[in-house]
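**Student:** Quick one: structure below, then a few questions.
The values are calculated or read from the model by the stated rules, or taken from the named source; none is laboratory data. What you are looking at is a predicted structure, and each value in this text was computed from that prediction instead of being measured. All Cβ positions, glycine included, derive from the backbone under ideal geometry; neighbour counts span all protein chains shown. Surface areas here come from the heavy atoms of the whole protein model, side chains and all, with no ligands, DNA or RNA. Shrake-Rupley method; radii C 1.70, N 1.55, O 1.52, S 1.80 Å.
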Amino acid sequence: QIGNQILDPGISVGFSGTVLGTPVDVRAKIGTSPFSLDASLAIGAFKAGGVQVDETQLQIKVSPTESFVAFSGGITIGNTKVSVKGNVGYNITDGPWVDLTGSIDNLSIVPGFLEIRSASVTVKVRPKSGSAEIQAKGDFTFLGDVTKVDFAMTMANFKLQSIKADIQASRTIYGLVKIDG
């Protein structure tokens, strides 16, 4: 204790600066009574050849009552963009948890045959309470025609609550007949 300021025992380190022209911020604190770790890493957006890397963040926390890893970031290669965000952890009240969100835009798997125009997925799982939520949406080109998918599933108290799947497809057969629905 220094005057009114109380400093917990442990070690703290930090760095803010640039690496190869990209902003970087690193922070870490290790506590000793009780043991804990709280660290963060932030890397600014940068371009490497034909790849654009979005701002990336990582946070790690370890303590007697809660531990988790949280992250976010994304990349763009050509016209294809992929983004992810989430956290995975555990606390003594809720037990383990998983929260993930991801998206992809403009991915041509086989040009003219299978293309992902845009797709996203969100997953939230709480195993201790038996709850889960999954949502997925997508807008695809399949065999040259557009297909849209919207899927949702919820579970509570270890019981399935709902499943919803909506698929809208359009198909043109021999250039003469179009089926849409």
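**Student:** Quick one: Thr93 ticks every box in (1) over 30 Å from Gly138 (Cβ atoms); (2) surrounded by 14 or more Cβ atoms within 10 Å (Cβ to Cβ) except a single one, so which number is it?
**Tutor:** Only one criterion is unmet by Thr93, namely (2).
**Student:** Here's something else I'd like to know. Considering each residue of segment 92-115, count those that are under 30 Å from Lys61 (Cβ atoms) and of a type outside the set (Ser, Thr, Tyr), and give that number. Before you say what the answer is, go through the steps one by one.
**Tutor:** We begin by selecting, within segment 92-115, every residue under 30 Å from Lys61 (Cβ atoms); these are 92-104.
Remaining after also requiring of a type outside the set (Ser, Thr, Tyr): 92, 94-100, 102, 104.
Within segment 92-115, residues that are under 30 Å from Lys61 (Cβ atoms) and of a type outside the set (Ser, Thr, Tyr) number 10.
**Student:** Also, I was wondering about something else. So which strands (runs of 3 or more DSSP E) are wholly in segment 1-90 and hold at least 3 residues that are open to solvent by less than 80 Å² (accessible area, probe 1.4 Å)? If you could, list the steps in order and put the result at the bottom.
**Tutor:** Details: elements: 10-19, 22-32, 35-43, 46-48, 51-53, 56-62, 66-77.
Answer list for segment 1-90: 10-19, 22-32, 35-43, 51-53, 56-62, 66-77.
**Student:** While we're on this one: If you go through segment 130-181 one residue at a time, how many are of a type in the set (Phe, Trp, Tyr) and either touching a residue at least 40 places away in the same chain (Cβ under 8 Å) or in a strand (DSSP E or B) (or both)? Please lay out each step first, then the result.
**Tutor:** Within segment 130-181, the subset of a type in the set (Phe, Trp, Tyr) is 140, 142, 151, 158, 174.
Next, only the ones that are either touching a residue at least 40 places away in the same chain (Cβ under 8 Å) or in a strand (DSSP E or B) (or both) stay: 140, 142, 151.
So the answer is 3.
**Student:** Looking only at segment 142-164, count every residue that is of a type in the set (Ser, Thr, Tyr) and over 14 Å from Glu115 (Cβ atoms) and tell me the total. It would help to see each step written out before you state the result.
**Tutor:** Looking only at segment 142-164, we keep the residues that are of a type in the set (Ser, Thr, Tyr), and these are 147, 154, 162.
Adding the requirement that they be over 14 Å from Glu115 (Cβ atoms) leaves 154, 162.
Residues flagged as of a type in the set (Ser, Thr, Tyr) and over 14 Å from Glu115 (Cβ atoms) within segment 142-164 amount to 2.
**Student:** Can you name the residue in segment 99-142 that is among the β-branched types (Val, Ile, Thr) and farther than 20 Å from Thr154 by Cα and, of all such residues, is surrounded by the fewest Cβ atoms within 10 Å (Cβ to Cβ)? Explain how you work it out, then say what you get.
**Tutor:** From segment 99-142, those among the β-branched types (Val, Ile, Thr) are 101, 104, 109-110, 116, 121-123, 125, 134, 141; that's our starting set.
Restricting the remaining residues to those that are farther than 20 Å from Thr154 by Cα gives 104, 109-110, 116, 141.
Values: Ile104: 18, Ile109: 10, Val110: 8, Ile116: 17, Thr141: 17.
If we take residues in segment 99-142 being among the β-branched types (Val, Ile, Thr) and farther than 20 Å from Thr154 by Cα, then Val110 is surrounded by the fewest Cβ atoms within 10 Å (Cβ to Cβ).
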